[in-house]
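Step one of this worksheet: look at the structure below.
The values are calculated or read from the model by the stated rules, or taken from the named source; none is laboratory data. None of these values were measured; they are calculated from a predicted model. No Cβ is skipped: glycine too gets one built from the backbone with ideal geometry, and neighbour counts run over all protein chains shown.
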Amino acid sequence: MRRRAIVVVMADTAPALFDRLADRYDQVIPFFAAFAGQLLDVLGPDPGTRLLDIGSGRGAIAAAAAARGCAVTAVDAAPRMVSLLAAAHPEIDVRLMDAHRLDLPGACYDLATGGFVIHLVAEPLRVLAGLRRVLRPGASVALTVPGPCEDNGRWNAWETLAGQFASRAGRPPRRDYRVAAYLRAAGFADIRTVNLAVHLPVASPQTCWDFHMSHGFAAGVEALDPADAAEFQRLALAELTRMHESGGIVLDRGAVAYLAAVPANDPHRTQHAQPTAGT
Ligand SMILES: C[S@@+](CC[C@H](N)C(=O)[O-])C[C@H]1O[C@@H](n2cnc3c(N)ncnc32)[C@H](O)[C@@H]1O
């Protein structure tokens with residue numbers, strides 16, 4: 001099983017990319033919402049859990065957590081993501097904020113989540129150190145990144161095609177999956193992983209293409225020169241059509257959730273604060 005390139009973006013351009021994608025992000029197929037539901041099933045937060053979601057996007061995790069009764073703060077560095085999420089979910093405290101510089105009080109959250117974001121940021125250790133600061137002793141963190149998925153070879157030809165064109169792009173995408181090492185370095189304990197997977201039927205080849213162009217995959221296409229991008233789209237749609245006509249397209253994708261905890265006797269944490277609006 002291979003790790004699928006769900007998101008292929010340069011860390012420093014991530015918020016700008018997602019700002020442009022925000023209107024269609026997770027709207028073609030509720031893909032990230034599906035992973036968020038699975039993550040919350042694993043975490044099982046109690047109603048009233050004070051949850052901070054970083055890189056919240058359209059609110060896959062944040063909205064689902066709020067629906068489960070959590071008191072959610074959601075931060076994202078893309079202004080359009082923030083305005084769409086705030087408009088759709090007034091029950092969530094949504095902030096425009098860089099995860100590297102959390103302007104939030106210390107030791108006031110019970111749980112921090114980040115769906116498909118930690119591998120994109122420029123300085124993962126800095127982000128995790130910030131999360132540890134705002135989490136209370138004994139609190140948990142859960143971060144997902146793209147991961148392996150069993151697909152019985154259904155996506156082999158697509159992967160080969162995408163790999164061929166990716167090698168033509170000017171700059172190779174930066175992806176940093178050393179999440180466990182960063183968690184350890186930031187002082188988190190009880191680090192473990194859980195594999196997640198979705199197998200979502202897709203109605204048509206065009207829908208599947210539109211899905212791919214609605215998230216970080218679009219950055220890889222945009223990194224091609226226009227002729228290569230057009231050629232890739234043509235060949236990708238041909239492969240999706242082949243899949244559609246030979247049993248139907250099923251979006252098989254995996255993720256790894258990294259779970260960890262702030263040590264209960266954290267010497268850095270002596271006081272508990274409450275998150276307040278506007279702080
Ligand atoms: C792949 S999307 C994931 C969105 C959401 N967590 C989900 O699961 O659907 C990554 C999100 O992280 C945000 N992001 C990237 N770098 C960030 C940073 N340094 N600080 C805050 N948000 C960031 C992007 O704007 C984007 O909304």
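If you take the residues of the stretch 118-142 that are within 14 Å of Ala186 (Cβ to Cβ) and in contact with a Pro (Cβ under 8 Å, 6 or more places away or on another chain), which of them is farthest from the ligand (Cβ to nearest atom)? The selected residue is Val134. Cβ-Cβ contacts under 6 Å between residues 6 or more apart (or on different chains), taken from a first residue in the stretch 256-270 that is at pLDDT 95 or above to a second residue that is in a loop (DSSP other than H, G, I, E, B), are listed as Ala260/Phe188. Of the residues making up the stretch 99-117, those that are part of a strand (DSSP E or B) and within 13 Å of the ligand (Cβ to nearest atom) are Ala112, Thr113, Gly114, Gly115. The residues of the stretch 66-88 that are assigned to a loop (DSSP other than H, G, I, E, B) and under 27 Å from Arg126 (Cβ atoms), listed by number, are Cys70, Ala77, Ala78. Residues in the stretch 118-142 that are part of a strand (DSSP E or B) and more than 16 Å from Thr73 (Cβ to Cβ): Pro137, Gly138. Looking across the stretch 28-59 at every residue that is within 11 Å of the ligand (Cβ to nearest atom) and aliphatic (A, V, I, L, M), the one that is surrounded by the fewest Cβ atoms within 10 Å (Cβ to Cβ) is identified as Ala33. For Met81, the requirement of being near the ligand (Cβ under 9 Å from one of its atoms), under 18 Å from the mean Cα position of the chain (by Cα), without any contact (Cβ under 8 Å) to a residue 24 or more places away in the chain and over 20 Å from Leu183 (Cα atoms) is not met.
Among the candidates Ala99, Ala71, Ala112, Ala122, the residue that is more than 18 Å from the chain's Cα centre (by Cα) and small (Gly, Ala, Ser) is uniquely Ala71. Note on the stretch 152-243: enclosed helices (runs of 4 or more DSSP H) holding 3 or more residues that are within 16 Å of the ligand (Cβ to nearest atom) and in contact (Cβ under 8 Å) with a residue 60 or more places away in the chain are 217-222.
Restricting attention to the stretch 60-70, which residues are within 15 Å of Ser140 (Cα to Cα) and more than 13 Å from the ligand (Cβ to nearest atom)? Scanning the stretch 60-70 gives a single hit, Cys70. Count of the stretch 89-98 residues, restricted to those that are of a type in the set (A, V, I, L, M, F, W, C), touching a Gly at 6+ places or on another chain (Cβ under 9 Å) and part of a loop (DSSP other than H, G, I, E, B), is 1.
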